[in-house]
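Data first, discussion second: the structure below is written as structure tokens.
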Amino acid sequence: MQYRSINKEEWDKALEQLLLSHIIFASTENESGQDYELLKSSGIERIVYNKPKPATSLKSFFLPVKENVTSPGQEEKPRIIIGIPNCDIEGLSLLDEIYLDKDFTDTLYRQRRENTLLISSDCFGTEEHCHCLSYDIKPWSVRNADLSVIRLDGKIIFRVLSSRGEKFVSDIQATAVPENDPDLTGIEKEHKLNEARLNSANKGLPDYKLTGELVGRSKKEIWEKYSAHCVSCGACTTICPTCTCFLLIDKPGFEKVRQMDACQYPGFERVAGGEDSLFEVRHRFRNRYMCKYVWKPQKFKLLACTGCGRCIEACIGKINKNELFRELAQ
């Protein structure tokens, strides 16, 4: 794996210059928490490195909540997103599989993907509901992003993951890091420490494959128990990095508007005749887990949950899916 390094002050200056030609979003932190911010010069010092995780998932940059899909995409400046956790980078694999299908490519999604440089951030810590490692996803990126960033003392170190990332670090004159550099040993040590934290915090949580098997053969009683607290707000699906259901709304003038939808909303599967196979909350509730752990991996051979834990954090009913899965595993 190739690494490049640049002094933090020089990196900040490079960002100043890039703001003239690029739209840059970066993970920043304030009294409300951590999330992406449209970067300005004044915000460069507030960029958060190596801390999980922005409240907003990466999918929001590629699949807006609402857009007119019959209008041609507007030309935009190249875009850079800094500070993406690997759980979101891995989630993008599933979105690419769906929206970049060779026979049915979504042109608006493709334009955004091609116009965006992805700089992920190695996680050197965890939050309460992080469980990526339980699904064999490392808390640092080795694929799918263009670069991964690590801040050590007064330096910014990049792990180069794509040819576009290689060009980017060359343009900002980041220098190669030797294989025996002590900084790389320090990074590896942080990785191991974080893996130990995640393993300790998620004891008893079944892995992704076993979770799918448990969900598939589960009885209605457990879904009645946990769905009793569900208010059908759709927060879990809205914030999820891999949930992408949408409505296609016809407008006058042959316009079509794509609006994000959620399987937890009442009426999600209601048809013209009034039939609704997901009328009961417990059926909608179970449907989400069947989709994420059984149906999508069968169809796409990819994970539809990357262990970010946002659905647990966003749930108004305080439903913890990991407690549900531990109970299924007992």
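The values are calculated or read from the model by the stated rules, or taken from the named source; none is laboratory data. All figures in this text were calculated on a predicted structure; none of them were measured in a lab. Glycine also receives a Cβ, built like all others from the backbone with ideal geometry; neighbour counts cover every protein chain displayed.
For segment 129-159, taking the residues that are among the polar types (S, T, N, Q) and in contact with a strand residue (DSSP E or B) (Cβ under 8 Å, 6 or more places away or on another chain), the one that is nearest to Arg4 (Cα to Cα) is identified as Ser148. Taking strands (runs of 3 or more DSSP E) that do not extend beyond segment 16-82, which have at least 1 residues that are at pLDDT 95 or above? In segment 16-82, 23-30, 33-38 are the strands (runs of 3 or more DSSP E) which contain 1 or more residues that are at pLDDT 95 or above.
Given the structure, is Asn7 touching a strand residue (DSSP E or B) at 6+ places or on another chain (Cβ under 7 Å) and on the phi > 0 side of the Ramachandran plot? Against the criterion (touching a strand residue (DSSP E or B) at 6+ places or on another chain (Cβ under 7 Å) and on the phi > 0 side of the Ramachandran plot), Asn7 does not qualify. Where helices (runs of 4 or more DSSP H) sit wholly within segment 272-320, those with at least 2 residues that are more than 19 Å from the chain's Cα centre (by Cα) and farther than 20 Å from Ser57 by Cβ occupy 281-290, 296-300. In segment 74-91, is there at least one residue being within 21 Å of Leu248 (Cβ to Cβ) and either surrounded by fewer than 23 Cβ atoms within 10 Å (Cβ to Cβ) or among the hydrophobic types (A, V, I, L, M, F, W, C) (or both)? Checking segment 74-91: at least one residue is within 21 Å of Leu248 (Cβ to Cβ) and either surrounded by fewer than 23 Cβ atoms within 10 Å (Cβ to Cβ) or among the hydrophobic types (A, V, I, L, M, F, W, C) (or both).
Let's see how each residue does on (1) touching a residue at least 24 places away in the same chain (Cβ under 8 Å); (2) more than 24 Å from Leu198 (Cα to Cα); (3) in the same structural domain as Leu92 (by TED's automatic domain parsing); (4) touching an Asp or Glu at 6+ places or on another chain (Cβ under 9 Å):
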{"position": "Cys233", "(1), (2), (3), (4)": "yes, yes, no, no"}
{"position": "Thr237", "(1), (2), (3), (4)": "yes, no, no, yes"}
{"position": "Cys245", "(1), (2), (3), (4)": "no, yes, no, yes"}
{"position": "Asp261", "(1), (2), (3), (4)": "no, yes, no, no"}
{"position": "Leu278", "(1), (2), (3), (4)": "no, yes, no, yes"}
{"position": "Arg288", "(1), (2), (3), (4)": "yes, yes, no, no"}
{"position": "Ala304", "(1), (2), (3), (4)": "yes, no, no, no"}
{"position": "Arg310", "(1), (2), (3), (4)": "yes, no, no, no"}
{"position": "Lys318", "(1), (2), (3), (4)": "yes, no, no, no"}
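Within segment 68-86, residues that are of a type in the set (Val, Ile, Thr) reach partners that are exposed (fewer than 12 other Cβ atoms within 10 Å of the Cβ) with beta carbons closer than 8 Å, at six or more positions or on different chains, in the pairs Val69/Leu248; Thr70/Phe254. For Leu92, are the conditions met, namely being in contact with a strand residue (DSSP E or B) (Cβ under 9 Å, 6 or more places away or on another chain), touching a residue at least 60 places away in the same chain (Cβ under 8 Å), of a type in the set (A, V, I, L, M) and in a helix (DSSP H, G or I)? Considered against the rule, which asks whether it is in contact with a strand residue (DSSP E or B) (Cβ under 9 Å, 6 or more places away or on another chain), touching a residue at least 60 places away in the same chain (Cβ under 8 Å), of a type in the set (A, V, I, L, M) and in a helix (DSSP H, G or I), Leu92 comes out as yes. Take the residues in segment 40-60 that are among the hydrophobic types (A, V, I, L, M, F, W, C) and touching a helix residue (DSSP H, G or I) at 6+ places or on another chain (Cβ under 7 Å); name whichever of them is farthest from Arg110 (Cα to Cα). Of everything passing the filter in segment 40-60, Ile44 is farthest from Arg110 (Cα to Cα).
Checked against (1) surrounded by fewer than 21 Cβ atoms within 10 Å (Cβ to Cβ); (2) in contact with an Asp or Glu (Cβ under 7 Å, 6 or more places away or on another chain), Glu166 passes all but condition (2).
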